[in-house]
Structures are given as C-alpha cells and as structure tokens.
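The values are calculated or read from the model by the stated rules, or taken from the named source; none is laboratory data. Small disclaimer: the values here were computed from a predicted structure and weren't measured. Here the Cβ positions follow ideal geometry from the backbone for every residue, glycine too, while neighbour counts run over all protein chains shown. All accessible areas refer to the heavy atoms of the entire protein, side chains included, with ligands and DNA or RNA removed. Shrake-Rupley method; radii C 1.70, N 1.55, O 1.52, S 1.80 Å.
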Amino acid sequence: MIAKPILTVLSGQPVWPPPVWMMRQAGRHLPEYKATRAEAGSFLNLVTNPELAAEVTLQPVRRYGMDGAILFSDILMVPWAMGQKLWMEEGEGPRLTPITDMAGLAALRPGELRAAAAPIFETVSRVRAALDEANSKTTLIGFAGSPFTVACYMVEGRGGSDFVRVRQLAYSDPQFFARLIRVLTDASIDYLLAQLEAGAEALMLFDSWSGLLSPSQFRRWVIDPTAAIRRALAQAAPHIPVIGFPRLAGPMLADYGSRTGMQGIGMDTAMDPRWAAANVAPEMALQGNLDPLVLMIGGIALETEARSLLSAMRGRPFIFNLGHGIEKETPIEHVTALLRLVRGG
Ligand code: CP3
C-alpha cells in the first residue's frame, strides 16, 4: 500500500511539496460537471444517484490529479435524510421548510437517516473502489456540516449572511436550540460512521457560520458538539483523521484546535496562516487558505499569494487548499497554473 500524502500530513508529518485539493472542486467551474449535472436534471438527483455522484467526485481527480477526493454531496443532506423537505431554488440556493419549535423537531425521523442516505454511502463505496482499482494516492474525504451550521439552514429555511433569527433563538430558547444541536450531533455521528463503513479515509466537518457566534456561544454550540462528534468517531474508528473548518472563527481557532481533538484545521480566507501556525499545536495539520478570488483572477496576484502561503506553512503538516469554495467563474488554466506552482515546491 502506497502512503497517501493527505493521510501522512494528517498523522502530523509534513510532506513537501504539500498535498492539495480544493473545496467545491467538483462543481460548476468544470464543464464535465455541468454536463453530468444536466444529465441528472437537478442537484438533488445528482447527489442521490451513486453512479453520477461518483463520476463528479472523480472528475477533479482525473483532470487535476488532486490529492483529495471530496465526496460529492451537501451538508443539507442530513436534515433531508431525517425528513425535512429540501429543494434547490435555481440560481439562488437551498430552501428547507423551517423548523423552529419542538413539534417541528419531533417530526424528524433520525432513525431513518441511514436508509434515506443509502445512495450517498453507495457513492462513497464506488469512489473508494475506483481509487483502489487505480492504486491511487488520492484520499477519499467524507464530510458533514457541523451541527451549528446545519441548524442555521434548518431554522431559517434558507441561506443568508447573518442568521440573526437563529442566533436570537439560541439565547431566547436555549432548551429548544440545545435539543436541535443534540439531534444534529447524534445524526452527524451516525452519518459519518456510515461513510467510514463505506470507505471514507478521512472526514471533514464544515462549520461555515461558526464565526457569527460570540465566544461563549461558540464554545457551547461549536466546540462542545464538535468535540462530542470527534469522541464518538474515535471510539468507533480510532485511526480516522478528522479536519474541522470553523469558518471565520478568528482567534477562537486556538480553542477549537486544542479542545475538539481534530487532526486538521481548515483556515478560512481571512485567517492569517502565520497566526494559525503560532496558535495551534505544531503536529496539527493546517489546511487552506488561498483566496478563491485570487484563483479566479490569476496571473501575478495568484503567484504572489500562493508563494506567500507556501512560505508561511513550510516545515509544518499542511494541506494546500482554498479559504472557501472555488468560484464557478474560475478558469481551468488558473487551477492548473496553481497546481504547477505548488508542486514545484
Ligand atoms: O466539491 C465539493 O466540495 C463537494 C461537495 C459539496 C457541495 N456542498 C456541493 C454543492 C460540499 C462539501 C458542500 C458543502 C456545503 N453546502 C456547505 C459548507 C461549505 C461552504 O460552502 O461554506 C454549505 C454552507 C452548503 C449549503 C449549500 N449547498 C449552499 C449554500 C448551496 C448554494 C450555493 C451554490 O454554490 O450554489 C448549495 C448547493 C451546492 N452544493 C452546489 C454544489 C456543487 C451547487 C449546486 C448546483 O450545481 O447547482
């Protein structure tokens, strides 16, 4: 068995040049994705079709030789698999029927999650089989949204930029909010364990909106549930590494790093990598955080930013990635130019 660079880095050992993958690498910047998406008819059809979902998961691996293959799915498939109605508003984003009280919560069916999400686990098995078949060095990364971020969408029923109603609710009805976070914590454990059983080699927790919280709320709704998920996974599968991505957490990244038990920490675009390197344990892998906009723009700006990130991370366990998802207008040639630069060391 050949060593997979991402797994080596997540074990705490630096690899140089660093392994690389990109958040949202399977998506609308790729013409082959758009073709498969059109064939599927809708985003949800694509996610729940194991053959096509495995195909789009592998597309960026084939085209770019990415070191990570992120499962093609979505963080909102957990509420969907528990019975919350989910649909994509074309050109706008996800919509869910909002859940704001105990009755709404009681109508969810967490016991049916595994059966409903079976096509997603089937995608994981297919991707893993294809990578093994090719004797690939690419690591298959499964994922879930973190309880707080998924709760934001479940309560408001749509995306947003500040989730004021959710954050108010967490103060005004902490009993309800704690119950929601508890349901999501248990569901995420179940969902991630099923991905491991299907062949995922590493896991990632996306907490896109954690940075909206005050420090006390961050500890309660982000750190505690994340640590609980990590503990449960470690019990069932001690060797599986987990990457946490508490987006816009700022200096709370230090507490997140020391208290959640992660093997890797994703840095968002706004994080100073030198600050992160100084404030999380040296054996903990850092991942990130090139600005997706500079990748879209390319040229000398891209080269300057990429070199500066590489020099900040040199010598420590590091996975090159973006600070958030790749923009759909990103030219393919910019991605290939970046990969050449990163791999040139
Ligand atoms: O390549 C990958 O990274 C794997 C697949 C993946 C998707 N979503 C596919 C997707 C992953 C890991 C996600 C995570 C996700 N989904 C997050 C966390 C990361 C982040 O971006 O902060 C969040 C908040 C969501 C919720 C979500 N799903 C939104 C807000 C949207 C609409 C925005 C958009 O880009 O259209 C989605 C839809 C979605 N998820 C698309 C993709 C490729 C676009 C759907 C399409 O093809 O029309």
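Tell me whether the range 54-74 contains one or more residues that are more than 13 Å from the ligand (Cβ to nearest atom), open to solvent by less than 20 Å² (accessible area, probe 1.4 Å) and either in contact with a helix residue (DSSP H, G or I) (Cβ under 9 Å, 6 or more places away or on another chain) or outside any helix (DSSP H, G or I) (or both). No - not one qualifying residue is present in the range 54-74. Among the residues of the range 75-87, those identified as more than 10 Å from the ligand (Cβ to nearest atom), assigned to a loop (DSSP other than H, G, I, E, B) and touching a strand residue (DSSP E or B) at 6+ places or on another chain (Cβ under 9 Å) are 84, 85.
Can you name the residue in the range 152-164 that is in contact with a Pro (Cβ under 9 Å, 6 or more places away or on another chain) and assigned to a helix (DSSP H, G or I) and is also nearest to the ligand (Cβ to nearest atom) among such residues?
Narrowing the range 152-164 to residues in contact with a Pro (Cβ under 9 Å, 6 or more places away or on another chain): 153-159.
Those still in the list that are assigned to a helix (DSSP H, G or I) too: 153-156.
Details: 153: 7, 154: 12, 155: 14, 156: 12 Å.
The residue in question is 153.
Within the range 1-53, the set of residues being outside any loop (DSSP other than H, G, I, E, B), more than 23 Å from residue 132 (Cβ to Cβ), in contact with a helix residue (DSSP H, G or I) (Cβ under 9 Å, 6 or more places away or on another chain) and of a type in the set (Gly, Ala, Ser) comprises just one member, 40.
Okay, residues lined up against (1) open to solvent by less than 10 Å² (accessible area, probe 1.4 Å); (2) assigned to a helix (DSSP H, G or I); (3) out of contact with any Gly (no Cβ under 9 Å at 6 or more places or on another chain); (4) at pLDDT below 95:
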site	(1), (2), (3), (4)
168	no, yes, yes, no
196	no, yes, no, no
206	no, no, no, no
217	no, yes, yes, no
220	no, yes, yes, no
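So, in the range 35-44, how many residues would count as being free of Cβ contacts under 8 Å to residues at least 24 places away in the same chain, within 11 Å of the ligand (Cβ to nearest atom) and open to solvent by 30 Å² or more (accessible area, probe 1.4 Å)? Within the range 35-44, residues that are free of Cβ contacts under 8 Å to residues at least 24 places away in the same chain, within 11 Å of the ligand (Cβ to nearest atom) and open to solvent by 30 Å² or more (accessible area, probe 1.4 Å) number 2. Of these, 286, 253, 295, which one is buried (at least 16 other Cβ atoms within 10 Å of the Cβ), touching an Asp or Glu at 6+ places or on another chain (Cβ under 8 Å), on the phi < 0 side of the Ramachandran plot and modelled with pLDDT of 95 or more? 295 is the lone residue from the list that is buried (at least 16 other Cβ atoms within 10 Å of the Cβ), touching an Asp or Glu at 6+ places or on another chain (Cβ under 8 Å), on the phi < 0 side of the Ramachandran plot and modelled with pLDDT of 95 or more. Among the conditions (1) within 13 Å of the ligand (Cβ to nearest atom); (2) surrounded by 22 or more Cβ atoms within 10 Å (Cβ to Cβ), residue 10 misses just one, which is (1). Evaluated against (1) open to solvent by 20 Å² or more (accessible area, probe 1.4 Å); (2) more than 16 Å from the chain's Cα centre (by Cα); (3) more than 8 Å from the ligand (Cβ to nearest atom); (4) touching a residue at least 60 places away in the same chain (Cβ under 8 Å), residue 19 falls short on exactly one condition, (1). For the range 100-123, does any single residue satisfy the condition of being within 16 Å of the ligand (Cβ to nearest atom) and either more than 20 Å from the chain's Cα centre (by Cα) or without any contact (Cβ under 8 Å) to a residue 24 or more places away in the chain (or both)? No, the range 100-123 contains no residue that is within 16 Å of the ligand (Cβ to nearest atom) and either more than 20 Å from the chain's Cα centre (by Cα) or without any contact (Cβ under 8 Å) to a residue 24 or more places away in the chain (or both).
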